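The values are calculated or read from the model by the stated rules, or taken from the named source; none is laboratory data. Remember, predicted model here, so these are calculated numbers, not experimental data. Cβ placement follows ideal geometry from the backbone for every residue including glycine, while neighbour counts extend to all protein chains displayed. Remember, those area values only see protein heavy atoms, side chains included, never the ligands or the DNA or RNA. Shrake-Rupley method; radii C 1.70, N 1.55, O 1.52, S 1.80 Å.
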Amino acid sequence: DDLVVFILKWFQKYPIFKFRDLYLGGTSYAGHFVPNLAYTLLQCNTESKSLRFNVKGVVAMNKAEMIAFNVSSVVEAKQRQFDLFRTPCDGKFEDLYSGKEVTKIINEVDMCIPLRADFYFTLPEVQKAFHGNRTNLSYQYAGCFEKSGLNYSLADKHIDMLPILKQILEQSVPITIFSGEDDGAVPMIGTLRHVKKLANDMNFNLTKNEAWNHENKVGGWLYKFGDSLTFMSVKGANHHVPFSKPSQALYIFTN
């Protein structure tokens with residue numbers, strides 16, 4: 001509901017965006033709130049004659065379906081690639097304030113990106129640019145991670161999202177679900193199985209089963225069911241695809 005209110009107020013302030021195509025996407029827990037947002041906007045279209053959201057597509061990472069993501073076999077799970085233990089960034093805000101470059105590359109992932117992001121959004125000129133921290137809070141910006149106090153309900157986390165995804169597809173809105181092949185939080189194999197279940201429920205036939213390429217290299221594997229349901233794995237990506245493979249993530253969103 002908060003997201004719908006935000007969009008409505010955004011349209012009021014910037015009416016030029018009101019009639020543009022709307023694509024909804026996100027990673028991790030966005031697999032819950034993005035489909036719910038899409039469904040709510042589509043419901044608004046049926047209930048209002050004066051308002052219409054031009055929802056054209058949904059892109060969600062692997063937490064769009066929860067319970068069935070768990071692999072059923074421990075042996076099978078051990079044969080799959082999972083997130084490796086990654087040494088955390090040991091940089092500090094003081095290093096960045098002094099102009100020092102803080103970087104730690106582990107398995108092709110810079111573990112200091114969150115630190116630099118927090119530092120960037122703490123800069124007064126940046127906060128002024130996006131109209132943030134209007135009450136002049138004294139503490140530094142911090143992302144919405146575990147220590148931020150942002151907690152999810154365990155009950156909500158285990159709600160099956162297939163019924164919502166099915167209703168979105170029934171309104172001819174295409175859905176793409178992507179998953180990192182090295183995801184240890186939500187294994188790719190469970191995600192794919194659940195997508196196949198959704199395709200079966202919708203009576204969608206498998207129309208593509210092939211590798212997809214990015215910058216002349218294999219980016220992962222693509223499964224397409226019917227004309228509107230797509231699953232894409234991302235080679236070498238962990239649970240946070242845009243974080244571990246940003247270029248490939250951009251390719252998915254733009255294609």
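Assuming R0 = 30 Å, can you tell me the calculated FRET efficiency for the pair ASP156 and SER98, based on Cβ-Cβ distance, to the nearest 0.05?
On the way: r = 42 Å, r/R0 = 1.41.
Once rounded, the FRET efficiency stands at 0.10.
The modelled label-to-label distance for the pair TYR120/LYS49, using points 7 Å beyond Cα in the direction of Cβ, is 4.7 nm.
Rank THR176, THR191 by accessible area, highest first, at a 1.4 Å probe radius?
In descending accessible area the options line up as THR176, THR191.
Suppose accessible area is computed on protein heavy atoms with a 1.4 Å probe; arrange SER28, SER172, SER179 from highest to lowest.
On the way: SER28 20, SER172 100, SER179 0 Å².
Sorted by accessible area, descending: SER172, SER28, SER179.
Ordering of 96-102, 242-248 by packing is 242-248, 96-102, highest average first (other Cβ atoms within 10 Å, averaged per residue). Ranked by solvent-accessible area (1.4 Å probe, protein heavy atoms only, all chains present), the residues TYR139, TYR120 order from largest to smallest as TYR139, TYR120.
Using r as the Cβ-Cβ distance of THR40 and ASN213, and R0 as 41 Å, what FRET efficiency do you calculate, to the nearest 0.05? Provide the component values of the computation, followed by the final result.
Details: r = 36 Å, r/R0 = 0.87.
The pair THR40/ASN213 has a calculated efficiency of 0.70.
Pairs of Cα atoms in segment 198-249 fall into 5 Å distance bins, from 0 up to the last occupied one, in shares of 5, 20, 24, 19, 16, 12, 4, 0 percent.
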